[in-house]
1. Of everything in the range 67-95 that's within 16 Å of ligand 1 (Cβ to nearest atom) and β-branched (Val, Ile, Thr), which residue is surrounded by the fewest Cβ atoms within 10 Å (Cβ to Cβ)?
2. If a residue has to be charged (D, E, K, R) and assigned to a loop (DSSP other than H, G, I, E, B) to count, how many in the range 15-41 make the cut?
3. Can you tell me which residue in the range 4-59 is farthest from ligand 1 (Cβ to nearest atom), limited to those that are in contact (Cβ under 8 Å) with a residue 40 or more places away in the chain and of a type in the set (Gly, Ala, Ser)?
4. Just checking, does the range 11-25 include any residue being touching a helix residue (DSSP H, G or I) at 6+ places or on another chain (Cβ under 7 Å) and either surrounded by 14 or more Cβ atoms within 10 Å (Cβ to Cβ) or modelled with pLDDT of 95 or more (or both)?
5. Pick from the range 36-66 the residues that are closer than 15 Å to ARG7 by Cα and among the charged types (D, E, K, R): which of them is surrounded by the most Cβ atoms within 10 Å (Cβ to Cβ)?
6. Inspect all residues belonging to the range 26-37 and state whether any of them is within 16 Å of ligand 2 (Cβ to nearest atom) and either at pLDDT 95 or above or out of contact with any His (no Cβ under 6 Å at 6 or more places or on another chain) (or both).
7. Find the residue count for the range 74-109, including only residues that are within 14 Å of ILE23 (Cβ to Cβ) and either part of a strand (DSSP E or B) or hydroxyl-bearing (Ser, Thr, Tyr) (or both).
8. Residue check: is ARG98 in contact (Cβ under 8 Å) with a residue 40 or more places away in the chain, farther than 14 Å from PRO27 by Cβ, of a type in the set (Lys, Arg) and crowded, with 20+ Cβ neighbours inside 10 Å?
Amino acid sequence: MEPWTLRKKSRCYNCGQLVDHTIEIYPNQVFVRCSNCRITRSYVIKTVYIDRGDVIEEEKNRRHLYDNWLLEKEAECSNCKKHTFHDILITVAGVYIRCRSCRFTRYYRFYLIYREG
Ligand SMILES: [Zn+2]
Ligand SMILES: [Zn+2]
């Protein structure tokens, strides 16, 4: 799987600026980085499964300290190999990425915060 890169404009919890955040998604890790202060949250893969329920619907309204982000990305699914949309939910606690075609889901849990040098 090629890494996916997405952007989301949001107020940074660290520097307080309304700026782009870069989201890099790898098979085993996700990085969310503020383009201004470079503070970075990292997540590591916890599990992969076929979502029989609707984990994104359940998790997207769960309240955390910061806003949840719901994004989408058109790309080849590593499971069904179709070029299709994926729903991407990012919370402070975890990241969920689900293929809209086969519902293959990757769940990454929050790992640590650091400032990229
Ligand atoms: Zn920042
Ligand atoms: Zn798929």
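1. Taking the candidates together, the pick is VAL92.
2. 1
3. SER42
4. No: zero hits.
5. Looking at residues that are closer than 15 Å to ARG7 by Cα and among the charged types (D, E, K, R), I get ARG41.
6. So in the range 26-37, the residues within 16 Å of ligand 2 (Cβ to nearest atom) come out as 27.
Cutting the leftovers down to either at pLDDT 95 or above or out of contact with any His (no Cβ under 6 Å at 6 or more places or on another chain) (or both) gives us 27.
Yes, the range 26-37 contains at least one residue that is within 16 Å of ligand 2 (Cβ to nearest atom) and either at pLDDT 95 or above or out of contact with any His (no Cβ under 6 Å at 6 or more places or on another chain) (or both).
7. 13
8. Working: in contact (Cβ under 8 Å) with a residue 40 or more places away in the chain: yes; farther than 14 Å from PRO27 by Cβ: yes; of a type in the set (Lys, Arg): yes; crowded, with 20+ Cβ neighbours inside 10 Å: yes.
When the stated conditions are applied, ARG98 passes them.
The values are calculated or read from the model by the stated rules, or taken from the named source; none is laboratory data. Just so you know, these numbers come straight off a predicted model, no measurement behind them. When we count neighbours, we look across all protein chains shown, and the Cβ atoms used for this are built from the backbone with ideal geometry, even at glycine.
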